[in-house]
Amino acid sequence: MEEHVILSERLEDQLKAVEWAKAEQEKLLKEKGERISEELMKIMTPFILKQQKE
């Protein structure tokens with residue numbers, strides 16, 4: 001069950017809150033993607049270099 005919190009009765013304030021939440025979600029997803037990419041590079045780079053030497 002989802003909980004909804006009304007921060008303000010004003011529609012403009014609610015719209016600003018939604019836009020802020022969307023921007024935060026995009027930021028978090030981007031940061032997570034960058035962390036995953038960095039970890040994959042750390043793991044795969046030695047493997048790729050090893051394969052090239054063989």
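For the chain, carbon and sulfur atoms together expose 60% of the accessible surface, with a 1.4 angstrom probe and every protein chain in place. In the chain, a dipole from Cβ-located charges (positive for Lys and Arg, negative for Asp and Glu) runs towards its positive end, and of 52, 25, 37 it is 52 whose Cα lies farthest in that direction. With helices as the sole contributors, the chain gives -29500 deg cm²/dmol at 222 nm; each DSSP H run of n ≥ 4 counts as -39500 (n - 2.57), and the sum is divided by every residue. The 3J(HN,Hα) values that the Karplus relation (6.51, -1.76, 1.60; θ = phi - 60°) gives for region 21-34 are, in residue order, 4, 5, 5, 5, 4, 4, 4, 5, 5, 5, 4, 5, x, 5 Hz. Gly and Pro appear as x. Using the Cβ-Cβ distance between residue 21 and residue 45 with R0 set to 30 Å, the FRET efficiency from 1/(1 + (r/R0)^6) comes to roughly 0.25.
For the chain, what is the accessible area per residue in Å² when the probe is 1.4 Å? Please report the intermediate quantities before stating the final value.
Working: 5690 Å² over 54 residues.
Accessible surface, normalised per residue, equals 105 Å².
Candidate cross-link partners of residue 42 among the lysines, defined by an alpha-carbon separation under 27 Å and a same-chain spacing of 8 or more, comprise 27, 30, 32, 50, 53.
The values are calculated or read from the model by the stated rules, or taken from the named source; none is laboratory data. Just so it is clear, the model here is predicted, and its values are computed rather than measured. Using ideal geometry, Cβ is built from the backbone for each residue, glycine included, and neighbour counts are taken over all protein chains shown. SASA here: full protein model, heavy atoms, side chains in, ligands and nucleic acids out. Shrake-Rupley method; radii C 1.70, N 1.55, O 1.52, S 1.80 Å.
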